[in-house]
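What follows is a set of notes on a single structure, which appears directly below.
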Amino acid sequence: MTPEVLITGIGMVSPAGVGAEATFKGLLAGGRYVTNLAGGRHVAAPIADFPPPRGTENLDRVCQLALAAAEEAVRSAGLPLPGQPSTLENARLGLHLNTERTMVSVGTSKGGILAFADVAPLLTEKRQLGQGGAAWDRARLQDALFSIPPDSPARCIAERFNITAGVHATVAACSTGTLAVIRAVQMIQDGQADVVLCGSSDASLHPLWFAAFERMGVLASEHPAGGPAFACRPFDRFRAGFALGEGAGILVLESGQSVRRRQARPIARIAGVAAGTDPAGLTQISPDAEPLTHVIRLACQRAGIRPAELACVLAHGTATPTNDAAEARAIQAVLGEDACSVPVVSIKGAIGHLLGAAGAVEIAVAALTCRDGTSPGNVTLIEPDEELGGLNLPREAFPVGRGPVLKTSLGFGGHVAAIVLASV
């Protein structure tokens with residue numbers, strides 16, 4: 001029998017707040033966090049007032065965000081952080097992080113782009129690398145270089161928690177977080193681990209990436225009436241692209257046996273997962289959305305549910321004209337005549353597109369939706385696009401009951417994935 005996989009801990013850092021509960025509360029309240037960056041050329045969703053975790057001052061922001069979310073997730077799961085004493089009762093219940101049965105599956109779409117931009121000029125200065133360089137300079141440079149590769153958030157988490165069973169780093173554009181969670185599910189189902197810290201992080205608010213996405217024609221601009229807060233409008237008739245954001249989402253996944261052994265209280269259950277590839281091109285999606293349709297159907301089948309049983313769909317919803325149209329087509333194909341009754345939501349209008357971190361943060365929001373029975377709405381939707389087939393697009397937070405929640409992800413390069421989460 002396939003082991004049950006449960007979410008027991010959640011950590012989030014997002015433009016809506018530092019912490020999982022702060023983020024979810026802000027989204028349910030209808031917060032909109034896209035604003036004008038200094039200089040006013042671009043709209044984006046930065047994280048305000050983020051204190052980097054102790055000892056990470058010289059690491060790239062992508063690692064700082066990941067570590068902050070990981071520490072919250074571990075605390076949320078009721079597991080002690082490294083260095084904390086464990087009581088005899090905790091030891092009896094297994095309330096400790098058995099690092100030989102714990103793995104890491106954490107990704108980012110690019111790595112430490114901010115650190116790379118900072119240290120690149122230094123690499124041509126011999127005084128920074130030679131014997132004449134100051135010790136502080138060498139230490140700072142070493143930490144910065146350590147946090148540039150795409151596996152750096154995963155490595156940093158493994159180091160912080162002394163995890164020895166294995167580390168996996170996913171790089172899959174905007175599907176990175178979702179695919180990292182799917183890999184974690186497989187680690188537990190294959191018997192490799194009892195606990196997996198999984199998710200993703202991204203910090204790409206840098207001129208290089210603004211220029212790249214602007215060149216692709218996928219960045220939104222300030223709304224003439226609503227201002228920057230309404231720049232990104234998923235499923236809107238006049239949608240024109242996304243706004244860049246930054247953040248991290250880390251989940252603690254556990255086998256059902258581990259949860260029962262330590263008498264933990266799960267937040268949600270991962271009922272079914274599926275992933276695939278859309279070969280339409282680097283930035284294209286198949287007009288018929290057949291690859292995504294197949295993946296959604298497969299995730300529902302593995303979850304043992306009929307699509308009509310879904311309480312809601314937390315969509316990828318980037319607010320680009322072609323992406324939203326194709327995703328709507330896939331949802332309609334799967335739901336059939338129920339497509340007008342199952343609510344569809346994208347939170348990218350509120351917090352921007354977190355790129356590599358988007359999938360993990362949105363899965364965390366889906367898990368909290370299952371826990372509380374309430375979902376955020378499409379807070380920037382002004383005029384629903386009638387050509388999307390009459391999707392049910394609530395603007396405000398709404399009750400979802402105890403039904404399962406579907407999360408979809410799409411990434412440049414053809415990465416498509418879907419996860420079904422259920423209440424416990």
### Query
What pairs come up if the first residue lies in region 30-56 and is at positive phi, the second is open to solvent by less than 30 Å² (accessible area, probe 1.4 Å), and their beta carbons are under 6 Å apart, counting only those six or more places apart or on different chains?
30/379
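Could you list, in sequence order, the residues of region 240-263 that are touching a residue at least 24 places away in the same chain (Cβ under 8 Å) and open to solvent by 20 Å² or more (accessible area, probe 1.4 Å)? Walk me through how you get there before you give the answer.
Filtering region 240-263 for residues touching a residue at least 24 places away in the same chain (Cβ under 8 Å) gives 240-259, 261-263.
Scanning region 240-263 gives 240, 257, 261, 263.
Taking the criterion of being among the basic types (Lys, Arg) and without any contact (Cβ under 8 Å) to a residue 40 or more places away in the chain, would at least one residue in region 324-343 satisfy it?
Narrowing region 324-343 to residues among the basic types (Lys, Arg): 329.
Adding the requirement that they be without any contact (Cβ under 8 Å) to a residue 40 or more places away in the chain leaves none.
Checked against the condition, which is being among the basic types (Lys, Arg) and without any contact (Cβ under 8 Å) to a residue 40 or more places away in the chain, region 324-343 yields no hits at all.
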## Note on the structure
Apart from one, (1) open to solvent by 20 Å² or more (accessible area, probe 1.4 Å); (2) touching a Pro at 6+ places or on another chain (Cβ under 8 Å); (3) assigned to a helix (DSSP H, G or I) all hold for residue 394; the odd one out is (3)
### Query
All but one of (1) in contact with a Gly (Cβ under 9 Å, 6 or more places away or on another chain); (2) over 27 Å from residue 20 (Cα atoms); (3) at pLDDT 95 or above hold for residue 267; which doesn't?
(2)
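For region 251-270, how many residues meet the condition of being over 18 Å from the mean Cα position of the chain (by Cα) and outside any helix (DSSP H, G or I)? Walk me through how you get there before you give the answer.
As a first pass, look at region 251-270 and keep what is over 18 Å from the mean Cα position of the chain (by Cα): 254-266.
Narrowing further to those that are outside any helix (DSSP H, G or I): 254-255, 262-266.
Residues meeting the conditions: 7.
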### Query
Which one of the conditions (1) out of contact with any helix residue (DSSP H, G or I) (no Cβ under 8 Å at 6 or more places or on another chain); (2) open to solvent by less than 10 Å² (accessible area, probe 1.4 Å); (3) β-branched (Val, Ile, Thr) does residue 181 fail to meet, given that it meets all the rest?
(1)
### Summary
Restricting attention to region 265-300, the residues that are under 22 Å from residue 180 (Cβ atoms) and open to solvent by less than 50 Å² (accessible area, probe 1.4 Å) number exactly 18
### Message
Tell me whether region 338-348 contains one or more residues that are more than 25 Å from residue 35 (Cα to Cα), in contact with a helix residue (DSSP H, G or I) (Cβ under 9 Å, 6 or more places away or on another chain) and either at pLDDT 95 or above or among the hydroxyl-bearing types (Ser, Thr, Tyr) (or both).
### Response
yes
### Query
Of all residues in region 142-157 being at pLDDT 95 or above and surrounded by fewer than 24 Cβ atoms within 10 Å (Cβ to Cβ), which is farthest from residue 102 (Cα to Cα)?
151
#### Entry: Filtered residue count, region 16-50, keeping only those that are buried (at least 16 other Cβ atoms within 10 Å of the Cβ) and of a type outside the set (A, V, I, L, M, F, W, C)
10
### Message
Need the failing condition index for residue 210 against (1) in contact with a Phe, Trp or Tyr (Cβ under 8 Å, 6 or more places away or on another chain); (2) more than 20 Å from residue 27 (Cβ to Cβ), just the number.
### Response
(1)
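In this structure, is residue 215 surrounded by fewer than 22 Cβ atoms within 10 Å (Cβ to Cβ), on the phi < 0 side of the Ramachandran plot, touching a strand residue (DSSP E or B) at 6+ places or on another chain (Cβ under 9 Å) and not aliphatic (A, V, I, L, M)?
Numbers: surrounded by fewer than 22 Cβ atoms within 10 Å (Cβ to Cβ): yes; on the phi < 0 side of the Ramachandran plot: yes; touching a strand residue (DSSP E or B) at 6+ places or on another chain (Cβ under 9 Å): no; not aliphatic (A, V, I, L, M): yes.
No; evaluated as a whole, the condition is false for this residue.
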#### Entry: Subset of region 336-364 that is hydrophobic (A, V, I, L, M, F, W, C) and surrounded by fewer than 24 Cβ atoms within 10 Å (Cβ to Cβ) - its residue that is farthest from residue 407 (Cα to Cα)
340
## Note on the structure
Residues of region 193-211 being open to solvent by less than 30 Å² (accessible area, probe 1.4 Å) and in a helix (DSSP H, G or I), in sequence order, are 210
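Condition check ((1) at pLDDT below 95; (2) outside any helix (DSSP H, G or I)) across all residues:
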| site | (1), (2) |
| --- | --- |
| 159 | yes, no |
| 163 | yes, yes |
| 171 | no, yes |
| 175 | no, no |
| 179 | no, no |
### Task
Considering each residue of region 301-321, count those that are closer than 30 Å to residue 9 by Cβ, small (Gly, Ala, Ser) and crowded, with 20+ Cβ neighbours inside 10 Å, and give that number.
4
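State the number of residues belonging to region 277-301 that are among the aliphatic types (A, V, I, L, M), within 22 Å of the chain's Cα centre (by Cα) and more than 20 Å from residue 355 (Cα to Cα).
Let us first name the residues in region 277-301 that are among the aliphatic types (A, V, I, L, M), namely 280, 282, 285, 289, 292, 295-296, 298-299.
From what's left, within 22 Å of the chain's Cα centre (by Cα): 282, 285, 292, 295-296, 298-299.
Checking which are more than 20 Å from residue 355 (Cα to Cα) leaves us with 295-296, 298-299.
Of the residues in that region, 4 qualify.
The values are calculated or read from the model by the stated rules, or taken from the named source; none is laboratory data. None of these values were measured; they are calculated from a predicted model. Glycine also receives a Cβ, built like all others from the backbone with ideal geometry; neighbour counts cover every protein chain displayed. The accessibility values were calculated without ligands, DNA or RNA, using every heavy atom of the protein model including side chains. Shrake-Rupley method; radii C 1.70, N 1.55, O 1.52, S 1.80 Å.
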